[in-house]
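Notes follow the structure.
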Amino acid sequence: MASRDAIAQELARFLSEVPSGAREKLYQRIESDRLNGEVRPEYALILSALNALPEGTARLQVAPGTTPKELFFEPVKPFLSKWPDGEKKQRGRIPETALAPIWEWLCRDVASNEIGRHEEQAKRALRNGDVDRAYNEMETARQKVGSVVQALLKQISSDQDEWRRTSNHIGGVTMLDHVSEIREIFLARPVLDKMAKRLPAQLNGNDADQIANAVEIVSAATGSGVALDLSLVFLTARFSDPARALRLGVETLGGDSAETLAQGPYAILGDLVLFELEHIVHDVSRNINRVAIDETVRGNIEAFAVMSRRFAADIDLSKPNPWSRRLTAARARISDLLGPQLDLLSRCLRRALAPASELPLKALPDASECEDALGRLDLLVMLSGHAEELALKDRITQVRGRTESYVEAANAAITNAIRQSAGEAQAYANAYLDFAVKVNERLHGEEFARILRRLGQAARPKSNGETDADTRPRKSA
């Protein structure tokens with residue numbers, strides 16, 4: 001504990017010497033990451049150090065080198081999502097890709113006079129290194145644009161055709177909804193800043209006192225005129241992932257029934273989780289490759305499994321309700337995507353190991369085939385740890401059974417090849433043994449792999465004068 005306190009103090013001292021703009025950029029980046037479900041151990045420490053700085057120093061403006069557009073949208077950063085909209089806009093989530101077309105529309109069609117002069121002044125200030133002045137210019141532009149946008153939205157809100165036409169003119173059917181929400185966020189900025197200062201760097205979904213305090217803070221923000229759902233989205237960033245924020249709804253409503261939560265004012269908490277899960281599935285479907293699964297896709301699969309497990313653990317999904325149906329559909333979809341990848345495992349292993357049974361051996365194992373098979377084995381191991389969350393339990397059991405049966409036969413064939421080979425063929429057999437050891441290590445663990453290694457070495461024909469002791473594995477120096 002003393003060591004951690006010393007680190008925190010040193011970090012706070014370092015951050016106090018960092019330019020205020022750089023601190024702001026760091027803060028907003030962490031808030032945005034956390035809202036998107038990305039959690040790192042160092043985030044809590046950094047946020048604690050930032051919030052411990054004296055009032056007016058922890059979060060000031062943004063770093064030099066940014067643009068007037070980024071200054072203009074700075075309050076929106078905690079609400080940004082890396083995911084695009086689905087068929088319907090997700091409340092409290094603004095896709096990162098929406099900002100550019102909205103900015104272009106504002107500058108071109110709606111508020112060119114309100115933005116133009118302040119943008120030029122902000123550019124000049126940034127060139128001179130005066131970040132404070134640049135921020136103030138764009139803050140003034142925000143206020144003026146807010147009034148113009150309010151008048152426009154009021155004018156066309158009752159005309160669905162005009163609303164749809166304007167949205168599509170900006171860049172999509174939900175664009176005006178994003179514009180409306182961005183205006184709300186601008187207005188809520190002072191209250192949201194106060195919320196941030198009253199909250200710990202990270203909320204524990206199992207800490208009753210923290211949850212009660214968070215509920216009180218949300219209630220105070222709502223009493224100040226900020227929409228409840230926006231406050232909840234902002235607060236979600238303080239949890240390790242969106243699923244843990246469901247404890248707020250459970251505490252407030254006095255029960256964990258998804259049927260009740262999904263129909264009440266805290267429904268957005270479950271919708272946020274399902275929004276993330278559904279977009280993860282969509283991203284996996286776009287990026288999954290029949291030949292290989294890269295680290296990004298693996299990371300998304302693990303994120304889906306962990307988030308869906310916590311979602312199901314924190315609330316009661318036993319009765320049919322909209323949330324349980326959406327979760328079941330998302331799990332079925334990701335299962336459909338991953339199932340064929342698992343089915344390819346046996347085929348890949350057979351292709352890599354089959355030549356070992358054809359004596360005399362004539363070549364080394366194919367390196368690319370071995371790499372592919374090992375990669376799919378790693379995938380099997382990873383998915384086995386999340387079988388229930390990914391709706392793959394039965395399929396994994398079947399694939400693992402087929403794989404173990406084939407590998408057992410391959411182990412015997414390789415041992416026989418070692419026993420009957422000599423010279424160059426012996427080197428080929430040893431290479432197959434090396435590959436088989438890696439396969440068995442993934443399937444059965446290190447101890448089983450060591451046993452296979454010893455069996456293979458014992459089967460190797462002995463040269464004149466060599467004893468059994470000479471074939472046993474030796475400890476490295």
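We did not get these values from a lab; they are worked out from the coordinates using the rules stated. Keep in mind it's a predicted model, so treat the numbers as computed, not measured. FYI the Cβ positions are ideal-geometry reconstructions off the backbone, even for glycines, and counts take in every protein chain you see.
With labels modelled as points extended 7 Å from the Cα through the Cβ direction, what inter-label distance (nm, one decimal) is found for Glu408 paired with Thr67?
6.2
Give me the extension gain from Lys319 to Arg198: residue separation times 0.36 nm, minus the current Cα-Cα distance, reported in nm with one decimal.
39.9 nm
Any idea how far apart Arg286 and Ser48 come out in nm if each label point goes 7 Å out from Cα toward Cβ?
Simple spin-label model gives 3.7 nm for this pair.
Specify the longest stretch of the chain that does not include any exposed loop site, a site being one of the GluC sites (Glu not before Pro) with a non-H, G, I, E, B DSSP assignment and at most 11 other Cβ atoms within 10 Å.
Here the longest run is 88-357.
Please report how far the C-alpha centroid of the range 200-271 lies from that of the range 360-384, rounded to the nearest whole angstrom.
With the range 200-271 and the range 360-384 each reduced to a Cα centre, they are spaced 46 Å.
What's the angle, to the nearest 10 degrees (0 to 90), between helix 393-420's Cα axis and the longest principal axis of the chain?
That works out to roughly 40 degrees.
Quote to one decimal, in nm, the extra length available between Arg419 and Arg29 on full extension: 0.36 nm per residue of separation minus the C-alpha distance between them.
134.4 nm
Normalising by the residue count of the range 231-312, find the relative contact order in percent from Cα pairs under 8 Å and 6+ residues apart.
For the range 231-312, the relative contact order is 35 percent.
Using the Kirkwood radius over Cα pairs, work out the Stokes-Einstein diffusion coefficient for the range 341-471 at 10 °C and 1.306 mPa s, in µm²/s as a whole number.
103
Going by amide H atoms built from the backbone, whose H comes under 5 Å of the H on Ile94, apart from near neighbours?
Leu80, Ser81
Name the aspartates and glutamates eligible as straight-distance cross-link partners of Lys77: C-alpha to C-alpha under 12 Å, and not fewer than 8 places from it in the same chain.
Output for Lys77: Glu24, Glu31, Asp33, Glu96.
Output the Cα-based Rg and Dmax of the chain in Å, rounding Rg to one decimal and Dmax to a whole number.
Values for the chain (Cα only, Rg and Dmax): 29.3, 99 Å.
Taking the Cα-to-Cβ direction at Lys154 and at Thr328 and moving 7 Å from each Cα, how far apart do the two end points lie in nm?
Output for this residue pair reads 4.7 nm.
Starting from 0.36 nm per residue, how many nanometres of slack lie between Asp294 and Ser180 once their C-alpha separation is accounted for?
Contour length minus Cα-Cα distance gives 37.2 nm.
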